[in-house]
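The values are calculated or read from the model by the stated rules, or taken from the named source; none is laboratory data. From a predicted model like this one, the values you see are computed outputs, not experimental measurements. Here Cβ is always computed from backbone atoms with ideal geometry, including for glycine, and neighbour counts include all displayed protein chains. Just so you know, the surface numbers come from the protein's heavy atoms only, side chains and all, with ligands and any DNA or RNA stripped out. Shrake-Rupley method; radii C 1.70, N 1.55, O 1.52, S 1.80 Å.
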Amino acid sequence: MLLQPSSRRSGSERIVGEGLRSFVFVGFVTLVLFGALGTRLGILQLMQGERNRELANENRIRLIPKRPERGKIRDRKGRELATSDFTYSVFVWPLVQTDPEWPRTLQILSSILQIPESDIQEPLEEAGENSPSLVRISQGLSFAQVVALSERSTELVGVELDKEAIRSYPHGELASQVLGYIGEINAEEYAEKKEKGYRLGDVIGKSGLEKQYQEVLHGVWGGQQVEVDGAGGVVRVLGQKPPEPGDNINLTLDLDVQKAAELALDNRPGAVVALDPKDGAVLAMVSHPGFDPNWFARGITTEQWKTIQTRKFPLVNRATRTFPPASTFKVITAAAGMESGKYSPDARLATFASIHGVGSWNGAGFGVIGFRQALQWSSNTFFGQVAVKVGTDEMLKWSRNFGMGEKTGIDLPSESAGFIPDPTWKRKVFKNDWYPADSVMVSIGQGAVQASPLQVAAMFAAIANNGYRVTPHLRKTEDPPESYRTSLELKPSTVKTIQAGLRDVVTSGTGKALNVPTLPPSAGKSGTGEDPPRKTHTWFGGYAPFDKPEIVVVAFGQNTGGGGGSTCGPIVRQVLEAYFKKNPVKKKT
């Protein structure tokens, strides 16, 4: 019996010991869990606190961006060629895509804005639903669209309507290829420019001066930083940064001369270039057919795009594209002949009906003539003989000296270099030798020779300014004329002989269209280029006043047919008349 209490005590002791061990175990586990939790909190607070605060801010802080006003583009007298109008645009918070009502919102937006739902959805998906910035989905809204969106604003969660600057070209198609056009940044362009502060939905220059001077014209984004609640509503404005407008640029273009050149070329496909021969400043640059850059600035419609497609390459600037320069090239052949030492300025040659298979345009030749008469009557056989005798190296040298076969360096994003063929090229391409007939074709600017109206204008400028090659440019600067020109080191006798020949072209040759009382004495040269089976290309380049040139004008007609003097001569005359009406020549006392 005495053993029973003892047995009971032993059992109680075992039960008490087990309870104590359980308590210790639970305490240990709890301690470990709280320790781990404390450690995690420490890591989150101390080591990752900044990053977590950023994530939290991204959920409650949004940026309402304000696009900067694009810098203006003005002509040499300060008249606006590209400016800004203010219009309404629609923006959407990317986060709204997670809202159950988004499909309905998308449908309403598509109906009011008259754009496919996919065109609204695509930029939002590109930005990503966690993007803290608004995404523009449409701009240039009509009054009716603004009213419709305002009336249904309570149904359009996450949609913002705001006023912003939109590009405007007050003269429509005028100088369209020079000014270029703008458009919304694409994915590839965004990847390239995002480090410079560009955003999805940003607008950038796509061609012309808009592209060339994008960084100057663009400006810096501003906006409001706001705090939003869980529903995306704005609770308060945290800060504001005004956008910085882009810088304005002034051009060398003269609006009056540009308008005159546009009217003179009319609807003919081709180009007109007017330069100041002293420094290469571009006074006018026209290319037809053209386009209205306002269409692109406001978001081009299907109908507008169809209209553009019905025209023959309206986005191409023919002033900087190359074609056979025809007889205008004889200026270079004349310079090569006299500068080579093979011919004196007074040299005379018998001309023929044809030479090496290349005929005279009059079918008979012009008898024995010199350089002046050869330019006056545009003798193919005279200049063909000159080119054969001076050789391909000398012809290539002087072609290069005058800027042929290489870019002029004008401040535009795209320009063709042109081409001057030589024996090496012919052997490589045609596996054939160079023959005298090839030299004759080069001498008259035919065959594989290619030059742009801009290059031809620079060539005429070099003769007009007594032997300086100029760099054409469109942006007006305070730099002296000397910084844009390089001496060709032509003999004065060479320059004077060519100048006299070009004057004879106007007084009694193929350029009589310029021999009118409405102009001061002028000089020039015609050109008619074969382009079988199509109609001929036509050219005329001229400058005035003859004794102290102020302006060079080159007109080019693409497959217009006819002769250079009769087709393009009147175009040049009209441009010169417009210029001298605004800049009358002072009579000598």
Members of segment 170-196 that are under 21 Å from Ile137 (Cβ atoms) and either touching a Leu at 6+ places or on another chain (Cβ under 8 Å) or not in a helix (DSSP H, G or I) (or both):
Tyr181, Ile182, Gly183, Glu184, Ile185, Asn186, Tyr190
Of all residues in segment 534-559 being closer than 30 Å to Gly359 by Cα and surrounded by fewer than 24 Cβ atoms within 10 Å (Cβ to Cβ), the one that is nearest to the chain's Cα centre (by Cα)
Gln558
Would you confirm, using the coordinates I've provided, whether Val178 is at pLDDT below 90 and crowded, with 17+ Cβ neighbours inside 10 Å?
no
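Taking Phe296, is it modelled with pLDDT of 95 or more and among the aromatic types (Phe, Trp, Tyr)?
Working: modelled with pLDDT of 95 or more: no; among the aromatic types (Phe, Trp, Tyr): yes.
Here the answer is no, as Phe296 does not meet what is asked.
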Check Thr477 against each of (1) part of a helix (DSSP H, G or I); (2) open to solvent by less than 80 Å² (accessible area, probe 1.4 Å) and name the one condition it does not meet.
(1)
Criterion first (of a type outside the set (Gly, Ala, Ser) and modelled with pLDDT of 90 or more) does Ile112 satisfy it?
yes
Applying the selection to segment 203-233, what residues are over 33 Å from the mean Cα position of the chain (by Cα) and either modelled with pLDDT of 80 or more or open to solvent by 10 Å² or more (accessible area, probe 1.4 Å) (or both)?
Gln225, Glu227, Val228, Asp229, Gly230, Ala231, Gly232, Gly233
Scan segment 244-267 residue by residue and report those that are over 18 Å from the mean Cα position of the chain (by Cα), open to solvent by 80 Å² or more (accessible area, probe 1.4 Å) and farther than 17 Å from Phe580 by Cα.
Glu244, Pro245, Asp266, Asn267
Given segment 292-346, what helices (runs of 4 or more DSSP H) lie entirely inside it while holding 3 or more residues that are under 23 Å from Ser414 (Cβ atoms)?
293-297, 302-310
Farther than 23 Å from Gly405 by Cβ and not basic (Lys, Arg): which single residue out of Gly246, Gly270 fits that description?
Gly246
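Could you tell me how many of the residues in segment 128-148 are assigned to a helix (DSSP H, G or I) and crowded, with 20+ Cβ neighbours inside 10 Å? Quick ask: steps written out before the conclusion?
At the first step, the residues of segment 128-148 found to be assigned to a helix (DSSP H, G or I) are 143-148.
Still in the list and also crowded, with 20+ Cβ neighbours inside 10 Å: none.
Going through segment 128-148 one residue at a time, the tally reaches 0.
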Looking at (1) loosely packed, with under 15 Cβ neighbours inside 10 Å; (2) over 20 Å from Arg70 (Cβ atoms); (3) in contact (Cβ under 8 Å) with a residue 12 or more places away in the chain; (4) hydrophobic (A, V, I, L, M, F, W, C), which is the one condition that is false for Ala191?
(3)
Exactly one of these conditions fails for Asp433: (1) outside any helix (DSSP H, G or I); (2) surrounded by 15 or more Cβ atoms within 10 Å (Cβ to Cβ); (3) not small (Gly, Ala, Ser). Give me its number.
(2)
Quickly run through segment 295-343 and pick out the residues that are among the hydroxyl-bearing types (Ser, Thr, Tyr) and without any contact (Cβ under 8 Å) to a residue 24 or more places away in the chain.
Thr301, Thr302, Thr307, Thr310
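Just give me the residues in segment 362-381 being within 15 Å of Lys496 (Cα to Cα) and open to solvent by less than 10 Å² (accessible area, probe 1.4 Å), in sequence order. Give the steps one after another, and end with the answer.
Quick first cut of segment 362-381, residues within 15 Å of Lys496 (Cα to Cα) only: 370-376.
Hits for segment 362-381 are Gly370, Phe371, Ala374, Leu375.
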Of the residues in segment 501-533, those that are in a helix (DSSP H, G or I), touching a residue at least 40 places away in the same chain (Cβ under 8 Å), under 29 Å from Ala448 (Cα atoms) and open to solvent by less than 20 Å² (accessible area, probe 1.4 Å) number 3
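Have a look at Glu151, Glu184 and point out the one that is open to solvent by 20 Å² or more (accessible area, probe 1.4 Å), of a type outside the set (S, T, N, Q) and farther than 28 Å from Leu474 by Cα.
Numbers: Glu184 fails: farther than 28 Å from Leu474 by Cα.
Going through Glu151, Glu184 in turn, the sole match is Glu151.
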Kindly provide the set of residues from segment 111-152 that are out of contact with any strand residue (DSSP E or B) (no Cβ under 8 Å at 6 or more places or on another chain) and aliphatic (A, V, I, L, M), ordered by number.
Ile112, Ala144, Val147, Ala148
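Tally up the residues in segment 138-184 that are touching a residue at least 60 places away in the same chain (Cβ under 8 Å) and hydrophobic (A, V, I, L, M, F, W, C), please. Don't jump to the end; show me each part of the working.
Let us first name the residues in segment 138-184 that are touching a residue at least 60 places away in the same chain (Cβ under 8 Å), namely 138-140, 157-183.
When the remaining residues are screened for being hydrophobic (A, V, I, L, M, F, W, C), the result is 157, 159, 161, 165-166, 174-175, 178-179, 182.
Total meeting the criteria: 10.
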Filtering segment 296-317 down to residues that are open to solvent by 10 Å² or more (accessible area, probe 1.4 Å), of a type outside the set (A, V, I, L, M) and within 17 Å of the chain's Cα centre (by Cα) yields Phe296, Phe313, Asn317
Members of segment 89-113 found to be under 14 Å from Ile64 (Cβ atoms) and open to solvent by 20 Å² or more (accessible area, probe 1.4 Å), listed by number:
Leu95
Subset tally (residues that are touching a Phe, Trp or Tyr at 6+ places or on another chain (Cβ under 8 Å) and either surrounded by fewer than 21 Cβ atoms within 10 Å (Cβ to Cβ) or free of Cβ contacts under 8 Å to residues at least 24 places away in the same chain (or both)) for segment 350-361
2
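Out of Asp393, Asp438, report the one residue that is of a type in the set (D, E, K, R), out of contact with any Gly (no Cβ under 8 Å at 6 or more places or on another chain) and surrounded by fewer than 24 Cβ atoms within 10 Å (Cβ to Cβ).
Working: Asp438 fails: out of contact with any Gly (no Cβ under 8 Å at 6 or more places or on another chain).
Answer to the check: Asp393.
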Of (1) open to solvent by less than 50 Å² (accessible area, probe 1.4 Å); (2) closer than 14 Å to Gly569 by Cβ, Val495 satisfies every one except (2)
Restricting the first residue to segment 238-263 and requiring it to be of a type in the set (S, T, N, Q), which pairs with a second residue that is open to solvent by 70 Å² or more (accessible area, probe 1.4 Å) meet a Cβ separation below 6 Å and a spacing of at least six or different chains?
Asn250/Lys476; Thr252/Arg76; Thr252/Lys476
Taking the stated definitions as given, is Arg199 crowded, with 19+ Cβ neighbours inside 10 Å, over 19 Å from the mean Cα position of the chain (by Cα) and either at pLDDT 95 or above or on the phi < 0 side of the Ramachandran plot (or both)?
yes
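Find the residue count for segment 400-442, including only residues that are in contact with a His (Cβ under 7 Å, 6 or more places away or on another chain) and farther than 29 Å from Tyr181 by Cα. Let's see the steps before the verdict.
Restricting attention to segment 400-442, the residues satisfying the condition of being in contact with a His (Cβ under 7 Å, 6 or more places away or on another chain) are 410-411, 436-437, 440.
So of that shortlist, the ones also farther than 29 Å from Tyr181 by Cα come out as 436-437, 440.
Qualifying residue count, segment 400-442: 3.
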